[in-house]
Each structure stands twice: as structure tokens, then as C-alpha cells.
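Peer 1: Could you have a look at this structure, given as C-alpha cells, before my questions?
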Amino acid sequence: MPRQRTPHAPELDAAAWFKSSYSAGEQACVEVADIRGTLYSAIAVRDSKNPDGPALLITPEAFARFTQDAAQVRYNTP
């Protein structure tokens, strides 16, 4: 299977980027955009310090598992 090129964040026209409320406006975090309604059908993640850089595209299912796992670690729940 040919490898797809990683899109850069500005190429994701429909992306509405947001940061966690825990970031307190800092620039040392990641931003997330829900682009499931586009041809990418994914969750996009980018480095807030490099908004024109590459965007990591994650399937909605994988992103849901990631956030569930992160919440378990944060709240130390089994």
C-alpha cells in the first residue's frame, strides 16, 4: 500500500482547532480538530507551537480509546 503524505494543518480547511481548557492559554500543548465530516474522516492533532506544520490524523475510534486511557491515568481509575 502506498504511503500517504501527511497533510499540513493549513491544508485542513474545515478544521476548527481548539486546545484543552487545562492549557491556560499556553503555547506548549497540542490542538485538536474534529474533521470527520471531510474526506479525511479523522481527528487531527497539531503542535500549537507550529500551527503550519504537519497534522497527525487519527481515526475517531483510536482517539476515543486514547482519551479514555488518558482519563484513567489522570484519575487513576481501573
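Read-outs throughout are calculated quantities, based only on the coordinates presented, and are distinct from any laboratory measurement. Everything numeric here is computed off the predicted structure, so don't read it as measured data. Neighbour counts run over all protein chains shown; Cβ positions are idealised from the backbone, glycine included.
Peer 1: Identify, please: which residue in region 34-76 is among the polar types (S, T, N, Q) and more than 17 Å from Glu11 (Cβ to Cβ) and is, among those, surrounded by the most Cβ atoms within 10 Å (Cβ to Cβ)?
Peer 2: Residue satisfying both the conditions and the ranking: Ser48.
Peer 1: Only residues that are of a type in the set (Val, Ile, Thr) and not in a loop (DSSP other than H, G, I, E, B): list them for region 18-67, please.
Peer 2: Val30, Val32, Ile35, Ile43, Val45, Ile58, Thr67
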